[in-house]
Amino acid sequence: MKIKKNNVEKKANVFDSQRNRMILGGIIAAAILLMVVLMFIENSQGKIVISNNSGTKIEYVQVYFVSAEGPLHEGFRADNLEAGKAQSFPIGENKLLGAEANLEVRFKFEGSDEVFVDAGYFNDTFHGNITVDFRPAEEPDTVNLHVKAANSLLKSKLIDCDDEFKINIAEGYEVE
């Protein structure tokens, strides 16, 4: 009986050891897969999406980074943006470290004056995603503009942009 008992214990130890190796291998494989996915997300090209959900045609929307000295690049422009439509553009990398830049959004609704707002704070290299979304507001002739930027999964304290504006499109100004 002792012999059989020892053989059973030895088999149990072999199976436990093999099971532990399989679990460890699974954990390592999952960690490597997670690192690959995070690297892919971090290195993916950002884009800017301009959406018109306001119910009114927008003649143009121009979005660009601006510092105290003026515009930092030519930016992105969407022309004749019909209600319910959106346009997107690849954003690339914007070297804004030390620039203390804002994102300026200039737009003109059909039959209205041009309006512009400064959104966010950018003081680091930016290669993430930006959304510019026009939505209807409760008041007549007024739309809400939501501007949001995110550099990637890893947040930077040097980039802060999640702003909401109320725009009177009949008069062409930002409502305070």
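For the stretch 72-79, the condition holds for at least one residue, the condition being that it is crowded, with 17+ Cβ neighbours inside 10 Å, out of contact with any Asp or Glu (no Cβ under 8 Å at 6 or more places or on another chain) and modelled with pLDDT of 90 or more. Residue selection: Glu93 fails the criterion of being out of contact with any strand residue (DSSP E or B) (no Cβ under 6 Å at 6 or more places or on another chain), free of Cβ contacts under 8 Å to residues at least 24 places away in the same chain and surrounded by fewer than 16 Cβ atoms within 10 Å (Cβ to Cβ). Checking each residue in the stretch 111-147 for being of a type in the set (D, E, K, R) and crowded, with 16+ Cβ neighbours inside 10 Å picks out Asp124, Asp133. Among residues that are assigned by TED's automatic domain parsing to the domain that holds Lys157, free of Cβ contacts under 8 Å to residues at least 60 places away in the same chain and under 17 Å from the mean Cα position of the chain (by Cα), Ala68 is not included.
The values are calculated or read from the model by the stated rules, or taken from the named source; none is laboratory data. These numbers were taken from a predicted model, which means no experiment stands behind them. Glycine also receives a Cβ, built like all others from the backbone with ideal geometry; neighbour counts cover every protein chain displayed.
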